[in-house]
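Chemist: Sharing a structure below in structure tokens format, with a few things to ask.
The values are calculated or read from the model by the stated rules, or taken from the named source; none is laboratory data. Here the structure is a predicted model, which is why all the values come from computation and not from measurement. All Cβ positions, even for glycine, are placed from backbone atoms using ideal geometry, and neighbour counts span all protein chains on display. These accessible areas exclude ligands, DNA and RNA; they are computed on the full protein's heavy atoms, side chains included. Shrake-Rupley method; radii C 1.70, N 1.55, O 1.52, S 1.80 Å.
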Amino acid sequence: DTEVTQTPKHLVMGMTNKKSLKCEQHMGHRAMYWYKQKAKKPPELMFVYSYEKLSINESVPSRFSPECPNSSLLNLHLHALQPEDSALYLCASSHDRGHQPQHFGDGTRLSIL
Amino acid sequence: QKEVEQNSGPLSVPEGAIASLNCTYSDRVSQSFFWYRQYSGKSPELIMSIYSNGDKEDGRFTAQLNKASQYVSLLIRDSQPSDSATYLCAVKGETSYDKVIFGPGTSLSVIP
């Protein structure tokens, strides 16, 4: 088990559904990240939050909407996803955006029907 | 475009041998280097961080960094079948605003 908790672990949704992925950490980290990972590929950065403010959006389609309600929580709201969005979605956190390593949660396996 | 390169493998080693995983990076001023292990279907798990030239040892793992050659490696001594996984090299640039760049990963198979 990791110190970054992601829910749900698995999610199957249709292309018209709205769902949210959740991430929580209690390590006092002030930087949080969303990554997307396809099979046999490295994690691909989507968003970075630093001190609860969005600091990087890697040109992610608007059907993905991040939210950082407080320093411990990070959400990813999903709407009108496409089959190619099926992937492992990883949340990570680090002390800040400095040089400390990122720690990953277990991920949410997302399948779009 | 900043790049991190790794041999994709698969790298096969017999149980008990030393596995050597290599990584090169393009950004000369990179400051932070990380090795992650990822089992199939699981999330990346941090194994080592290294910031200075030389070797850093942690149990059976040794990370080696040579900034002049823009090269970082991970040695796994006394390899076990449980070490079979994909190993991701990750590199962060000079400033706190730089992103972590992941290499494509090297698949390691330890044969009993």
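Chemist: Please count how many residues of the range B:97-110 are more than 17 Å from B:T24 (Cα to Cα) and either buried (at least 16 other Cβ atoms within 10 Å of the Cβ) or in contact (Cβ under 8 Å) with a residue 40 or more places away in the chain (or both).
Modeler: At the first step, the residues of the range B:97-110 found to be more than 17 Å from B:T24 (Cα to Cα) are B:97-98, B:108-110.
Add one more test, that the residue is either buried (at least 16 other Cβ atoms within 10 Å of the Cβ) or in contact (Cβ under 8 Å) with a residue 40 or more places away in the chain (or both), and what stays is B:98, B:108-110.
Total meeting the criteria: 4.
Chemist: Next up: Residue check: is B:G41 open to solvent by less than 70 Å² (accessible area, probe 1.4 Å), within 12 Å of chain A (Cβ to nearest Cβ) and without any contact (Cβ under 8 Å) to a residue 40 or more places away in the chain? Outline the logic, then answer.
Modeler: Values: open to solvent by less than 70 Å² (accessible area, probe 1.4 Å): yes; within 12 Å of chain A (Cβ to nearest Cβ): yes; without any contact (Cβ under 8 Å) to a residue 40 or more places away in the chain: yes.
Criteria met by B:G41.
Chemist: Confirm whether B:D27 is among the acidic types (D, E), at pLDDT 95 or above and part of a loop (DSSP other than H, G, I, E, B).
Modeler: Working: among the acidic types (D, E): yes; at pLDDT 95 or above: no; part of a loop (DSSP other than H, G, I, E, B): yes.
No, not satisfied.
Chemist: Can you tell me which of A:S59, A:S72 is hydroxyl-bearing (S, T, Y) and over 14 Å from the mean Cα position of the chain (by Cα)?
Modeler: Working: A:S72 fails: over 14 Å from the mean Cα position of the chain (by Cα).
Sole residue among the options that is hydroxyl-bearing (S, T, Y) and over 14 Å from the mean Cα position of the chain (by Cα): A:S59.
Chemist: Would you mention how many residues in the range A:1-43 are under 12 Å from the mean Cα position of the chain (by Cα) and acidic (D, E)?
Modeler: Within the range A:1-43, residues that are under 12 Å from the mean Cα position of the chain (by Cα) and acidic (D, E) number 1.
Chemist: With the condition kept exactly as written, say whether any residue in the range B:51-60 is assigned to a strand (DSSP E or B) and under 30 Å from A:L110 (Cβ atoms). Break it down stepwise before answering.
Modeler: If we filter the range B:51-60 for residues that are assigned to a strand (DSSP E or B), which is where we start, we get B:54-58.
Still in the running and under 30 Å from A:L110 (Cβ atoms): none.
No, every residue in the range B:51-60 fails to be assigned to a strand (DSSP E or B) and under 30 Å from A:L110 (Cβ atoms).
Chemist: Next question. Can you pull out the residues in the range A:69-113 that are part of a loop (DSSP other than H, G, I, E, B), facing another protein chain (nearest Cβ under 9 Å) and either of a type outside the set (S, T, N, Q) or within 15 Å of A:E24 (Cβ to Cβ) (or both)? Spell out the reasoning first.
Modeler: Taking the range A:69-113 and keeping what is part of a loop (DSSP other than H, G, I, E, B), we get A:71-72, A:80-82, A:86, A:95-102, A:105-107, A:113.
Still in the list and also facing another protein chain (nearest Cβ under 9 Å): A:96-102, A:105-107.
Matches in the range A:69-113: A:D96, A:R97, A:G98, A:H99, A:P101, A:G105, A:D106, A:G107.
To keep it simple, each residue is scored yes or no on (1) over 19 Å from A:P101 (Cβ atoms); (2) crowded, with 17+ Cβ neighbours inside 10 Å.
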| site | (1), (2) |
| --- | --- |
| B:N53 | no, no |
| B:S69 | yes, no |
| B:L74 | no, yes |
| B:R77 | yes, no |
| B:P81 | yes, no |
| B:Y87 | no, yes |
| B:A90 | no, yes |
| B:P112 | yes, no |
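Chemist: Related question: Can we say A:E67 is under 12 Å from the mean Cα position of the chain (by Cα), surrounded by fewer than 17 Cβ atoms within 10 Å (Cβ to Cβ) and of a type outside the set (S, T, Y)? Talk me through it step by step, then tell me what you get.
Modeler: Working: under 12 Å from the mean Cα position of the chain (by Cα): yes; surrounded by fewer than 17 Cβ atoms within 10 Å (Cβ to Cβ): yes; of a type outside the set (S, T, Y): yes.
Yes, satisfied.
Chemist: Is it the case, given these coordinates, that B:S69 is of a type in the set (S, T, Y), over 11 Å from the mean Cα position of the chain (by Cα) and part of a helix (DSSP H, G or I)?
Modeler: On the way: of a type in the set (S, T, Y): yes; over 11 Å from the mean Cα position of the chain (by Cα): yes; part of a helix (DSSP H, G or I): no.
No; evaluated as a whole, the condition is false for this residue.
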